[in-house]
1. What are the residues in segment A:166-184 that are more than 14 Å from chain B (Cβ to nearest Cβ) and surrounded by fewer than 17 Cβ atoms within 10 Å (Cβ to Cβ), if any?
2. Between a residue in segment A:185-214 that is crowded, with 17+ Cβ neighbours inside 10 Å and any residue that is among the aromatic types (Phe, Trp, Tyr), which pairs come within a Cβ distance under 7 Å, given they are 6 or more apart or on different chains?
3. In this structure, is residue B:84 away from every other protein chain (no Cβ under 14 Å) and at pLDDT 95 or above?
4. Are any residues in segment A:69-92 under 20 Å from residue B:287 (Cβ atoms) and more than 7 Å from chain B (Cβ to nearest Cβ), and if so, which ones?
5. Within segment B:225-236, identify whether any single residue is in contact with a strand residue (DSSP E or B) (Cβ under 7 Å, 6 or more places away or on another chain), buried (at least 24 other Cβ atoms within 10 Å of the Cβ) and in a helix (DSSP H, G or I), and answer yes or no.
6. Of all residues in segment A:101-129, which are within 14 Å of chain B (Cβ to nearest Cβ) and within 18 Å of the chain's Cα centre (by Cα)?
7. Residue B:320 - would you say it is within 14 Å of chain A (Cβ to nearest Cβ), open to solvent by 30 Å² or more (accessible area, probe 1.4 Å) and at pLDDT below 90?
8. Looking at segment A:224-234 only, could you name the residues that are in a helix (DSSP H, G or I) and either touching a residue at least 12 places away in the same chain (Cβ under 8 Å) or open to solvent by less than 20 Å² (accessible area, probe 1.4 Å) (or both)?
Amino acid sequence: MILRTRGTLAATGLLVATGMLLAGCGSGAASDGSDGYTVYALLPQGNDQPYGTTYLPPMQEAAAKAGIKLTITNSQYDADKQASECEVAVAARPDLIILWPAVADTVRPCLEAAKAADIPVTVTNSDVIPADKSLIKAYSGPDTYGQGAASAEIMCELADGKPTGILMVNGLTGNTTAINRRQGFLDTIQKNCPNVTVLAEQPGNWNKDTSQTVTSEMLTSVGAAKVQGIYAADDTMVAGAIDALKAQGIDPKPLLITSIGNTKLGNPLIKSGELDGTIFQSSSWDGQNAVVVAEKVLKGESVDENLFMPSVKVTAANADSPEVAPEW
Amino acid sequence: MNSTPTLSLGPATTDRSARLRAALARRTEWRGLALLAVVVVATLSFEPLVFTAYPVTLGRVALIGLVALGLTAVILMGELDLSVASTLAVAGVVMASIPNVALGIVVALCAGLLIGLVNAFFVVKVGINSFIATLGMLFVLRGLAFVLSGEKPVRMADIEAGIAFGAPIIGPITPRVLIFVLVFIGLQIFVTKVRAGREFYAVGGNRQAARDAGIPVSRRLVTGFMLSGFVAALAGVINTMERTAADPTAGSTVLLASIAAAIIGGVALTGGRGSIVGTLVGALSLGIIEVGLTLSGVQVDVQQIFIGGVLLLAVITDPASFRAVVGNARSFLSGRRGETPA
């Protein structure tokens, strides 16, 4: 019985210690930054993803410079968790909410709640669906249509007026980024270089293995000899497509190959000559400008509906330049 | 409330305080309650907004707790249902794919019951360990959610109905919280007052003894898995209504949070011990901690450290493991004391 009483006492002690720790930690975090703006940033990723890891520091830096007290959440791409975090944010009555939708189709109730509470919302990285555009102040992030178009411009230059048959590997079917990049690419080749024709297209689902499989299938179905080029909607998938070529004994270097990303996977492929061109998507630009746009809205300055990340082309000529050093 | 059946026999004593102590020791929630008290006091001191904005906090508790309540029915029998999060996703996609909201809800809930039945079939008839059977179902159902949805979020046909559903109905209380409370009351009555529910404890405590006592063990297991599937599907329906769209990736953080809520509330994974009240207490603690830390600007990585810490604390303060820890420490110390020269 003595043992049990002692046990109970010790357990209670442990619990109390935890409580004090909780209180200490909480008060420490809550007390800083009483002046300036308070902003909630509802993100679906953070230090758990390569993109988020390089997105966050420039964002926090920009916030510190602007005197913004930034509270960042990470819903780990769980739309329900993000919705709950949105409710928490609205209850905290910040001056503004920065939203990176975990799933764009599900954020309408969050935007409505913020509007009802008179909290402005800006969107970063992935835009809301067109029907919800009226509920947000501004969007900053990649111009997914423009990225597809820029990748097509590289393709047109490489094709140089000659008839060129290419394969197309798209992103996940139905995904907004995938739809926009495809459209940007197709519109641009139609306008600038009708000599480039798409022989076949398949979704590679942003996945290297899937891309390798579908590229292989397309090479077989249209006949590898007819294929002079490949466009893939991101660097991960282009790496899969290049592997598919190699697996069939085809040297990727003479082929015209373009993609989007300039990631740590894509940049070396440019340098090795296997990939001819890609479009730089800068995670640090993305993080920094999320706050830049928010600050303008907070100060009542006018903002454009969209602040697009410049779609910088990366080819063998500039792949080593520090300005396009891959970030993620 | 205080008639949770357990297999342990209280000490035969007439001493009032001893009786009280025995009654308290039989309860499995006291650690959870103590923890909750600490969490509430700590949160009150650093982030009172958690309580002034209580509808938000209750919403988070309901989000974490609903699936956990259904899961508790299975855990009480010493089994596990790892497929709950995938069930949630499938139910949501099924519901959103059907233009008629009412019909969608009915079909989605039936899908949940069916999934529970399939889980039970593998565990009871085929004899696969529930961890493995439901792990398989976790993958199957997640894949199914993607196939049914065409790999993209499915928007509800009637978005206004969804937005209306997310609005408070009784004071600031939303339908989500109300349904959570009703499910809690229903399950609590079931496992304490209804014979079939009370027998869950016997099935989890000692299955052979339960069989010998004439308890239809297989039927109880089927009931448990169907309850778990149904409640997970219900959570999927609520999420879809509130979000106005079903996401095939939904529920990615649900599974571990529900197991954590049950454990913090004193539900033993080995079965036979624990209660629905305990899971509620666990969900309350988790929800308050999460909302409090989010409001204080604590990053999700640090939040996970806290939640992990609370979980471990809840487990090591279990009387059995704590006695073991204290006993080991004492023998270690007395051993050391013996070594020191006099």
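The values are calculated or read from the model by the stated rules, or taken from the named source; none is laboratory data. Just so you know, these numbers come straight off a predicted model, no measurement behind them. Using ideal geometry, Cβ is built from the backbone for each residue, glycine included, and neighbour counts are taken over all protein chains shown. We work out accessible area using only protein heavy atoms, side chains counted, and drop any ligands, DNA or RNA first. Shrake-Rupley method; radii C 1.70, N 1.55, O 1.52, S 1.80 Å.
1. A:183
2. Note: pairs meeting the criteria are A:185/A:231.
3. The answer is no for residue B:84.
4. A:75, A:82, A:86, A:89, A:90
5. No, there is no match, as no residue in segment B:225-236 is in contact with a strand residue (DSSP E or B) (Cβ under 7 Å, 6 or more places away or on another chain), buried (at least 24 other Cβ atoms within 10 Å of the Cβ) and in a helix (DSSP H, G or I).
6. Within segment A:101-129, A:101, A:102, A:103, A:104, A:105, A:106, A:107, A:126, A:128, A:129 meet the criteria.
7. Considered against the rule, which asks whether it is within 14 Å of chain A (Cβ to nearest Cβ), open to solvent by 30 Å² or more (accessible area, probe 1.4 Å) and at pLDDT below 90, residue B:320 comes out as yes.
8. Answer for segment A:224-234, where residues must be in a helix (DSSP H, G or I) and either touching a residue at least 12 places away in the same chain (Cβ under 8 Å) or open to solvent by less than 20 Å² (accessible area, probe 1.4 Å) (or both): A:224, A:226.
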